[in-house]
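Some notes on the structure that comes next.
The values are calculated or read from the model by the stated rules, or taken from the named source; none is laboratory data. This structure is a prediction, so every number in the text was calculated from the model and none was measured. Neighbour counts are summed over all protein chains in view; Cβ atoms, including those assigned to glycine, are modelled from backbone coordinates with ideal geometry.
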Amino acid sequence: MRERDDGSVTVEAALGLAGLTVVTVLLVAGLTLLTAQLRCTDAAREAARLLARGQPEEAAAAVHEIAPPEAKLAIERTGDEIRVEITAHPAGGLLPAVHLQATAYAVAEPGAETPNAG
């Protein structure tokens, strides 16, 4: 006597599609995190460069434009050394456990005034 297994292919296809969907979502999330981290790094580097030239307003505008939305800018100046830190939550806060951070350093040009910010 032969057993009936007519629906087994449908179940296997459904499980395969579910697995493929999970892998695709994980790949897209990883790409989103990577892109957001690169944006934070670029924003920190550009802000440090502008602050070293004595252009704090332009630095804040660059961070607003380059970094992920709602990224935070922290500036620390010690003597001629400028440290810029950008922190952000990727994907609009959909991944609350993930915190992105990028730091850049620069040396102020002679005569450049940079206010300390927190």
Which numbered condition HIS89 fails, given (1) over 30 Å from GLY111 (Cα atoms); (2) at pLDDT 95 or above = (2)
Candidate set: the range 6-16, residues that are exposed (fewer than 10 other Cβ atoms within 10 Å of the Cβ) and either touching a helix residue (DSSP H, G or I) at 6+ places or on another chain (Cβ under 8 Å) or not acidic (Asp, Glu) (or both); chosen: the one modelled with the lowest pLDDT | GLY7
Identify the single condition in (1) free of Cβ contacts under 8 Å to residues at least 40 places away in the same chain; (2) in contact with a Pro (Cβ under 9 Å, 6 or more places away or on another chain); (3) part of a helix (DSSP H, G or I) that ARG77 does not satisfy, given that it satisfies every other one.
-> (3)
Among the numbered conditions (1) at pLDDT below 90; (2) within 29 Å of THR103 (Cα to Cα); (3) part of a helix (DSSP H, G or I), tell me where ARG39 comes up short.
-> (1)
Taking only pairs six or more apart or across chains, which ones have beta-carbon atoms under 6 Å, a first residue in the range 80-91 that is acidic (Asp, Glu), and a second residue that is not in a strand (DSSP E or B)?
-> ASP80/ALA108
Result of the Cβ filter at 7 Å on the range 35-46, keeping first residues that are within 14 Å of ALA91 (Cβ to Cβ) and partners that are assigned to a helix (DSSP H, G or I), at least 6 apart or interchain, is ALA36/PRO90; ARG39/ILE66
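For the range 21-74, name all the residues that are among the basic types (Lys, Arg) and out of contact with any strand residue (DSSP E or B) (no Cβ under 7 Å at 6 or more places or on another chain). Outline the logic, then answer.
Let us first name the residues in the range 21-74 that are among the basic types (Lys, Arg), namely 39, 45, 49, 53, 72.
ARG39, ARG53, listed by residue number.
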If you check THR87, THR78, THR103, which single one turns out to be out of contact with any Gly (no Cβ under 7 Å at 6 or more places or on another chain), exposed (fewer than 13 other Cβ atoms within 10 Å of the Cβ) and not small (Gly, Ala, Ser)?
-> THR78
